[in-house]
Amino acid sequence: MKKSFQAVKGMNDCLPSASKIWQYLEKSLRNVVSNYGYEEIRTPILEKTELFCRSIGEITDIVEKEMYTFVDKGEESLTLRPEGTAACVRAGIEHGLLYNQQQRLWYIGPMFRRERPQKGRYRQFHQFGIEAFGFEGPDIDAEVIALSARLWKVLGFADKVELQINSLGSNEARQNYKQILVDYFSNHTEKLDSDSQRRLLSNPLRILDSKNPDMAELIANAPKLTEHLDETSKTHFEGLCKKLEELNIEYRINPTLVRGLDYYNRSVFEWVTTDLGAQGTVCAGGRYDGLIEQLGGQANYGCGFAMGLERIILLLEQQSDIQTKLLSAVDVYFCSMGEKAETYSTSLAERLRDQYDSYRIQTHCGGGNFKKQLKKADQSGAKIALIMGDNEVENDTITIKFLRQDREQVELSVSDLIDQLGELLG
Ligand code: HAM
């Protein structure tokens, strides 16, 4: 018998039964980024290896041991991209998008890291990311975070994720702090595991990131970076905290949050959930103001995040109403009875489509009483049914029935309905 094949370890097929949830997620992501005026960028999956060594950093887990790298026909070393920021900056410099300019970009696609596969951690995984270039102040940091917070709201798991933030300060402040850390940990080398001993001289900040419970106390007592920040970074961080408060976005300052890639400075953040076991970080990012210059461009500011889509799918799959969300090809189902009501509802549906081009509005066709029409409305997956009969035509009103919420139906004037449809759909 001939040998059959299996996918490469840690790399998954997406079968038709799963593609619906992916499409639902991708559509929600695209809606939110366009809502904030971000534009899509697509870059190749392969880049020169040097790009990642110079940006992510030589002494990081990714570059040291996780990249899929090969020499192309004996000529140059290429690497399957392990993340999207470096390629975005490379493309931005190459095509003159970053020189004295402001850009708001987003991307989606597969990334590759040769990690030990487990639930939520794969060797080919998918990231959705945004990168904003050319903005100095903390307002962009807050916007980037607000965009991610809106996504959780849209996807329905805002209560499952916690925002953790920290500031890494300027490069100089971080260099000074590294020395303070080296001094501290050098006095306790017997308590460091072998990974941390190795990092002590090469990348001491990463010791703070260790998940080894035997080192938890040592790390908790380590000097805090926030206490050694330069004045400008301190003001920047306070500005970010203030903006988040104004936006009603809850956060926790985590002084040991340092990120696993070397390009960050000032604000860094992660969205973390306790619902996914060990792989609980669903989104992570921050500022990287030195990266453009480091990769050969003229210095300019950068800030962004990337989220792991497989982890978000795992969270979505835990939702009890996910099947209804996926079923729903429709947001609004329009029921009407009586000749006048039917004519009126057809033209009102057109007006609503003019006003709200992203909502899916279906009008009932084929007659039948309201009971039959409402059954159809329910089967369509719509969130609300709009009901128009003789009474409503006479009073210039419309009745709204909430199909997925425990909420009394309401009667609104037609003009209020046109104004409030977005709110009614939540
Ligand atoms: P990162 O923390 O390496 O940051 O990855 C971002 C997110 O990708 C993680 O929080 C996680 O959700 C997901 N992820 C990472 N590795 C895996 C994996 N092996 N399997 C499944 N999901 C994974 C970056 O990549 C930065 N480029 C983020 C960024 C953009 N910073 C500024 N702009």
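The values are calculated or read from the model by the stated rules, or taken from the named source; none is laboratory data. Remember, predicted model here, so these are calculated numbers, not experimental data. Note: ideal-geometry Cβ built from the backbone for every residue, glycine included; neighbour counts use all protein chains shown. The protein model used for the area step is the full one, side chains on, heavy atoms only, and it has no ligands, DNA or RNA in it. Shrake-Rupley method; radii C 1.70, N 1.55, O 1.52, S 1.80 Å.
Couple of notes before you dig in:
- Net charge over other residues, Cβ less than 10 angstrom from the Cβ of Phe125 (K, R count +1; D, E count -1): +2
- Magnitude of the charge dipole for segment 312-399, about its Cα centre and with charges confined to Cβ atoms of Lys, Arg (+1) and Asp, Glu (-1), is about 340 debye.
- Mean separation of Cα contacts under 8 Å, 6 or more apart, over the residue count of segment 201-289: relative contact order %: 25
- The packing ranking of peptides 274-284, 406-416, highest mean first, is 274-284, 406-416, where packing means the average number of other beta carbon atoms within 10 angstrom of each residue.
- Two-site FRET efficiency, Ala278 against Thr235, from Cβ-Cβ distance with R₀ of 41 Å, rounded to 0.05: 0.70
- Highest to lowest packing among 78-88, 129-139, scored as the average C-beta count within 10 Å: 78-88, 129-139
- Estimated FRET transfer efficiency (Arg404, Glu245; beta-carbon r; R0 41 Å; 0.05): 0.80
- Taking 0.36 nm per residue of separation and subtracting the Cα-Cα distance, full extension of the segment from Tyr356 to Thr324 would add 9.3 nm.
- Look at the alpha carbon pairs under 8 Å that are at least 6 residues apart: their mean separation over the length of the chain gives a relative contact order of 15 percent.
- Evaluating 6.51 cos²θ - 1.76 cosθ + 1.60 at θ = phi - 60° for every residue in segment 412-426, the Karplus couplings come out as 10, 5, 4, 5, 5, 4, 4, 6, 9, 4, x, 5, 4, 7, x Hz, glycine and proline recorded as x.
- The distance separating the Cα centre of segment 26-93 from that of segment 350-414 comes to 47 Å.
- Measuring max minus min along each principal axis, the C-alpha atoms of segment 116-222 give extents of 48, 38, 27 Å (largest first).
- Only the Cβ atoms of Lys and Arg (+1) and of Asp and Glu (-1) were treated as charged; on that basis the dipole of the chain about its Cα centre amounts to roughly 1660 debye.
- Modelled label positions at His95 and Ser186, each set 7 Å beyond Cα in the direction of Cβ, lie 4.8 nm from each other.
- Förster radius 30 Å - calculated FRET efficiency between Glu136 and Asn176, Cβ distance, rounded to 0.05: 0.85
- Zone of Glu394's modelled label, taken as backbone nitrogen in segment 335-354 under 16 Å from a point 7 Å along Cα→Cβ: 337-342
- Seen from Pro255, the other residues with C-beta closer than 10 Å to its C-beta sum to a net charge of 0, counting Lys and Arg as +1 and Asp and Glu as -1.
- Counting every alpha-carbon pair across the chain, the share separated by more than 39 Å comes to 32%.
- A simple count of charges around Lys234, restricted to other residues whose Cβ falls under 12 Å of its Cβ and scoring Lys, Arg +1 and Asp, Glu -1, yields -3.
- Amide H contacts of Asp289 (H built 1.01 Å from N, under 5 Å, at least 5 apart or other chain): Asn265, Gly302
- Taking 0.36 nm per residue of separation and subtracting the Cα-Cα distance, full extension of the segment from Asp378 to Arg252 would add 41.3 nm.
- Residue-level accessible surface for Tyr184, protein heavy atoms, 1.4 Å, Å²: 40
- Pair Asn369, Ala146: separation of 7 Å Cα→Cβ label points (nm): 5.1
- With every protein chain in place, the chain: carbon and sulfur % of accessible area (1.4 Å): 47
- Packing-based order for 107-117, 256-266, using average beta carbon neighbours within 10 Å, highest first: 256-266, 107-117
- Straight-distance crosslink candidates among lysines, where the alpha carbon sits under 22 Å from Lys27 and sequence neighbours closer than 8 are dropped: Lys153, Lys160, Lys325, Lys383
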